[in-house]
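Notes to accompany the following structure.
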Amino acid sequence: MSFFGVFYLALIIAMLVADFRFTNWSDMSSLLSDARVRFSIWLSLISCTIAAILSLWVAIPTGFVLARLGSESMTQRLGQRSRGFRRLFNGARYFIDTLLDIPIVLPPLVVGISLLVLFQTPVGRWLDQRTGEVFASLGYAGIRGITYEIPAVILAQFTVAAAFAIRTMRNTFEQIDDRPERVAVTLGASHYQAFSMIALPQAWRGIVAAFTLAWARSLGEFGPILIFAGTARMKTEVLSTTVYLNFQFGNLRGAVSASLILVTLAIVVLILTRLITLGGNSKKGVIV
Amino acid sequence: MISVQQLRLCQGDFELRQVSFEIPSNAYAILMGPTGCGKTTLLESICGLRAIVGGKILVGGDEITRTPPAQRQIGYVPQDSSLFPTMKVYRQIAFGMEVRGFSKSERDQRVEELASSLDLTEILDRYPRGLSGGERQRVALARALSFRPRLLCLDEPLSALDGDTRNNLTKLLKKIQQSESVTVLHITHNVEEGAQLGTIHFRLEKGQVREVVCEDSGVKNTT
């Protein structure tokens with residue numbers, strides 16, 4: 001069994017070593033001297049951070065609700081209902097769970113096409129237009145809407161990253177005992193206070209893990225961005241599209257150098273997360 | 001006076017039908033019964049943590065059957081104490097007052113009073129993970145008493161403690177119940193514990209609660 005693990009580890013290390021050997025410092029230096037690449041690094045960092053924050057904003061309450069809907073106390077409460085109601089409730093819960101996992105299993109291009117089609121509907125077009133007006137009123141006239149603009153990059157990243165963040169937060173809250181929250185309610189706390197004062201502080205490691213996962217997933221996102229935001233240089237180009245564009249134009253050394261920037265950023269974030277969450281255990285909401 | 005009238009509860013295939021009993025004000029009531037007979041289910045229903053199918057619960061003449069748990073003024077100490085892992089002991093005890101909007105000075109005064117009565121002064125600055133079983137239960141007791149509840153529900157609070165700690169806490173429970181003048185409903189399997197603490201004893205068996213006489217040597221029916 002361990003042979004397969006060692007083989008996989010060797011494969012990852014061999015790929016990284018091959019990347020590093022293929023390029024050199026002068027390739028990297030010339031890539032970084034290109035203003036368009038510096039813009040794509042900057043846009044990647046900003047868009048990934050915004051997408052990760054938005055993902056957490058959705059994932060924390062959603063993960064908590066999903067975890068508590070499947071908790072023992074909910075099972076006890078359901079025990080007082082009819083068998084038909086219990087079946088309906090559990091069916092609805094599994095259906096919502098499955099819906100939320102769709103962005104994880106869908107091919108990335110399909111996510112991009114679906115977003116593009118969504119913004120061709122009357123509601124989507126209205127939202128596109130209003131977003132352009134909001135940015136114009138804020139003095140960012142260059143951003144004319146969502147589709148093929150920076151908001152499209154963030155929305156494409158968020159659509160996939162949020163699904164991973166929700167799954168992480170649901171697992172985190174499932175590992176946190178809900179009995180203290182029930183006691184808090186008898187002490188006079190509202191359900192929101194029980195969540196924010198009892199459950200949330202216990203979930204901080206899971207929150208860090210969800211943020212990291214969402215950030216790293218956003219950094220590697222390519223398919224939905226390609227379809228929904230395009231690859232306009234100095235406009236919607238992020239690091240993953242820099243790799244693609246360099247490869248398309250036959251600049252393999254440039255593509256590998258851009259890939260190494262992506263790899264370095266991902267490794268730094270993963271190491272930082274490990275360090276932050278070090279010292280926890282699986283019963284304290286640790287997911288990473 | 002705590003009055004439970006014709007209470008009916010369902011939990012899957014398990015059912016309690018027409019459970020009725022009364023606890024006089026400031027009494028120390030003991031509820032005993034075989035494992036799995038529904039003692040904890042009944043206690044949690046009184047606290048508002050489980051919905052009931054039928055019947056009434058009255059505390060001091062006020063019906064609280066449909067009142068949310070936060071507004072019932074009932075203190076609850078679960079079997080495992082269920083302390084809040086990220087809060088220091090001081091904040092655990094003050095929690096009920098904090099969410100009810102008590103002022104800082106009121107909270108400080110009450111925490112000091114309870115810490116002194118329950119011998120918690122030395123551990124107010126500690127987190128629950130470092131506390132012993134007895135300390136944990138004393139903190140849970142102080143937390144449940146902090147907002148001066150009308151009824152205190154204790155779910156086998158001494159069952160996981162060793163002999164000496166159990167004896168000390170038994171004495172402390174009796175003392176604190178008298179000093180706080182609070183009505184207590186205490187679940188236990190231990191007849192000796194029930195005889196030492198209780199002023200009124202009930203037994204839950206086959207879905208019915210009946211009053212019994214409890215002595216160190218055992219439990220007898222009143223009829």
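The values are calculated or read from the model by the stated rules, or taken from the named source; none is laboratory data. What you see is a predicted model; the values in this text were computed from it and never measured. Virtual Cβ from ideal backbone geometry, glycine too; neighbours counted across all protein chains shown.
When the range B:156-168 is limited to residues that are in contact with a helix residue (DSSP H, G or I) (Cβ under 6 Å, 6 or more places away or on another chain) and free of Cβ contacts under 8 Å to residues at least 40 places away in the same chain, the one that is nearest to B:L31 (Cα to Cα) turns out to be B:L158.
Which ones in the range B:24-57 are within 15 Å of the chain's Cα centre (by Cα), not in a loop (DSSP other than H, G, I, E, B) and not aliphatic (A, V, I, L, M)?
Within the range B:24-57, the first condition is being within 15 Å of the chain's Cα centre (by Cα), and the residues that meet it are B:25-32, B:39-49.
Narrowing further to those that are not in a loop (DSSP other than H, G, I, E, B): B:28-32, B:39-47.
Residues satisfying the conditions are B:Y28, B:K39, B:T40, B:T41, B:E44, B:S45, B:C47.
Residues in the range B:11-23 that are out of contact with any Lys or Arg (no Cβ under 9 Å at 6 or more places or on another chain) and in a strand (DSSP E or B) were compared, and the one that is nearest to the other protein chains (Cβ to nearest Cβ) is B:F14. With the condition kept exactly as written, say whether any residue in the range A:242-251 is outside any helix (DSSP H, G or I), over 27 Å from A:I50 (Cβ atoms) and within 14 Å of chain B (Cβ to nearest Cβ). No, the range A:242-251 contains no residue that is outside any helix (DSSP H, G or I), over 27 Å from A:I50 (Cβ atoms) and within 14 Å of chain B (Cβ to nearest Cβ). With respect to (1) within 14 Å of chain B (Cβ to nearest Cβ); (2) among the small types (G, A, S); (3) surrounded by fewer than 16 Cβ atoms within 10 Å (Cβ to Cβ), the lone exception for A:A184 is condition (3). Listed by position, the helices (runs of 4 or more DSSP H) contained in the range A:14-132 that have at least 3 residues being within 21 Å of the chain's Cα centre (by Cα) and surrounded by fewer than 19 Cβ atoms within 10 Å (Cβ to Cβ) are A:35-69, A:83-105, A:108-118.
Among the residues examined, A:F39 qualifies as aromatic (F, W, Y), in contact (Cβ under 8 Å) with a residue 12 or more places away in the chain and out of contact with any helix residue (DSSP H, G or I) (no Cβ under 7 Å at 6 or more places or on another chain).
Against the conditions (1) in a helix (DSSP H, G or I); (2) more than 14 Å from every other protein chain (Cβ to nearest Cβ); (3) of a type in the set (F, W, Y), A:Y192 satisfies every one except (2). The residue pairs whose first member lies in the range B:124-136 and is farther than 20 Å from B:R166 by Cα, whose second member is surrounded by 12 or more Cβ atoms within 10 Å (Cβ to Cβ) and of a type in the set (A, V, I, L, M, F, W, C), and whose beta carbons are closer than 7 Å, counting only pairs six or more residues apart or on different chains, are B:L124/B:V89; B:L124/B:A115; B:R126/B:V89.
If a residue counts only when it is of a type in the set (S, T, Y), which helices (runs of 4 or more DSSP H) contained entirely in the range B:110-204 have at least 2 such residues? Working first, answer last.
Working: elements: B:133-145, B:163-180, B:191-197.
The qualifying helices (runs of 4 or more DSSP H) are B:163-180.
Given the criteria more than 10 Å from chain A (Cβ to nearest Cβ) and buried (at least 20 other Cβ atoms within 10 Å of the Cβ), does B:L120 qualify? When the stated conditions are applied, B:L120 passes them. Considering the range B:78-99 alone, what residues qualify as being outside any helix (DSSP H, G or I), within 16 Å of the chain's Cα centre (by Cα) and at pLDDT 95 or above? The answer is B:L83, and nothing else. Within the set A:V183, A:V238, the sole residue that is under 29 Å from A:Y148 (Cβ atoms) and of a type in the set (V, I, T) turns out to be A:V238.
Quick one: would you say A:A199 is buried (at least 20 other Cβ atoms within 10 Å of the Cβ), within 14 Å of chain B (Cβ to nearest Cβ) and in a loop (DSSP other than H, G, I, E, B)? It is false that A:A199 is buried (at least 20 other Cβ atoms within 10 Å of the Cβ), within 14 Å of chain B (Cβ to nearest Cβ) and in a loop (DSSP other than H, G, I, E, B).
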